[in-house]
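These notes concern the structure reproduced below.
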Amino acid sequence: DAGITQSPRHKVTETGTPVTLRCHQTENHRYMYWYRQDPGHGLRLIHYSYGVKDTDKGEVSDGYSVSRSKTEDFLLTLESATSSQTSVYFCAISESRTDEKLFFGSGTQLSVL
Amino acid sequence: DAKTTQPTSMDCAEGRAANLPCNHSTISGNEYVYWYRQIHSQGPQYIIHGLKNNETNEMASLIITEDRKSSTLILPHATLRDTAVYYCIVRGTSGSRLTFGEGTQLTVNP
């Protein structure tokens, strides 16, 4: 498996609290992505990064922010978690913009009560 | 990017070939066909991709029709560990992101 570690693997939090999910890679890939997966919606892209401090929005970015201060780390922050953000979050990496051989992490199950 | 249509679910006997179809009738000339799968509780896994010609790797074969409006992913000797959701995705080279639909739930039965 590609060297991708997501933390935490599971988290339960309360509405209104801030939450940060971490994705760490050891592959030195330039591109990193955050997806969420919900029943009936498949995988949806939240944000992605094409380099250190270079990020862009995906299709469901509202309520989320990201940061990438180092090549190996991509953080996803929910500034004020809501119940609609209960989901499974996956991080993915790829070598280039056009190389869509995405490698995914094992996911983080987030429950917002 | 072109939209894809896949059956919701399929069954296959262990040891037999699993043939997963995908329709992409609006595909354009520069769009690739990608296949990923997702085993329960894991992240999606890349399987194979192709443009026009049939492709084969250690995991599967991809057969794309001559008009490119449909394709079939073939797992030659399905095992219980191949039980997963299989996603067919069509994407061009413009830099747009992969869009995952609902996929096909393949169940391999003993």
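Numbers at a glance
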{"quantity": "Filtered residue count, the stretch A:29-58, keeping only those that are among the hydrophobic types (A, V, I, L, M, F, W, C) and facing another protein chain (nearest Cβ under 8 Å)", "calculated": "2"}
{"quantity": "Set A:S87, A:S94, A:S65, A:S61: member being within 14 Å of another protein chain (Cβ to nearest Cβ), more than 24 Å from B:Y46 (Cα to Cα) and small (G, A, S)", "calculated": "A:S61"}
{"quantity": "Top-ranked residue of the stretch B:1-32 - restricted to ones that are more than 15 Å from B:T72 (Cβ to Cβ) and surrounded by 17 or more Cβ atoms within 10 Å (Cβ to Cβ), ranked as nearest to the chain's Cα centre (by Cα)", "calculated": "B:Y32"}
{"quantity": "Which numbered condition A:S61 misses (of (1) touching a residue at least 24 places away in the same chain (Cβ under 8 Å); (2) in contact with a His (Cβ under 9 Å, 6 or more places away or on another chain); (3) surrounded by 15 or more Cβ atoms within 10 Å (Cβ to Cβ))", "calculated": "(1)"}
{"quantity": "Residue that is nearest to the chain's Cα centre (by Cα), among those in the stretch A:1-45 that are farther than 17 Å from A:L75 by Cβ and polar (S, T, N, Q)", "calculated": "A:Q37"}
{"quantity": "Condition broken by B:N30, with the remaining ones in (1) assigned to a loop (DSSP other than H, G, I, E, B); (2) within 14 Å of another protein chain (Cβ to nearest Cβ); (3) touching a strand residue (DSSP E or B) at 6+ places or on another chain (Cβ under 8 Å); (4) over 23 Å from A:Q6 (Cβ atoms) satisfied", "calculated": "(3)"}
{"quantity": "Single residue of the stretch B:83-109 satisfying the filter (at pLDDT 95 or above and surrounded by fewer than 16 Cβ atoms within 10 Å (Cβ to Cβ)) that is farthest from the other protein chains (Cβ to nearest Cβ)", "calculated": "B:N109"}
{"quantity": "Residues satisfying the stated conditions in the stretch A:8-52, i.e. farther than 18 Å from A:S65 by Cβ and small (G, A, S)", "calculated": "A:G40, A:G42"}
{"quantity": "Of all residues in the stretch B:33-82 being touching a Ser or Thr at 6+ places or on another chain (Cβ under 9 Å), away from chain A (no Cβ under 13 Å) and of a type in the set (S, T, Y), the one that is surrounded by the fewest Cβ atoms within 10 Å (Cβ to Cβ)", "calculated": "B:T65"}
{"quantity": "Breaking point among (1) in a loop (DSSP other than H, G, I, E, B); (2) over 25 Å from A:Y33 (Cα atoms); (3) more than 15 Å from the chain's Cα centre (by Cα), for B:S41", "calculated": "(2)"}
{"quantity": "Enumeration of residues in the stretch A:1-56 that are of a type in the set (K, R) and surrounded by fewer than 20 Cβ atoms within 10 Å (Cβ to Cβ)", "calculated": "A:R9, A:K11, A:R22, A:R30, A:R44, A:K53"}
{"quantity": "Subset of the stretch A:48-89 [touching a Leu at 6+ places or on another chain (Cβ under 7 Å) and not aliphatic (A, V, I, L, M)]", "calculated": "A:G58, A:E59, A:G63, A:Y64, A:S67, A:Q85, A:T86, A:S87, A:Y89"}
{"quantity": "Test for A:T5: is it more than 27 Å from B:H49 (Cβ to Cβ) and touching a residue at least 12 places away in the same chain (Cβ under 8 Å)", "calculated": "no"}
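The values are calculated or read from the model by the stated rules, or taken from the named source; none is laboratory data. Because the structure is predicted, anything quoted here is derived from the model rather than measured. Glycine also receives a Cβ, built like all others from the backbone with ideal geometry; neighbour counts cover every protein chain displayed.
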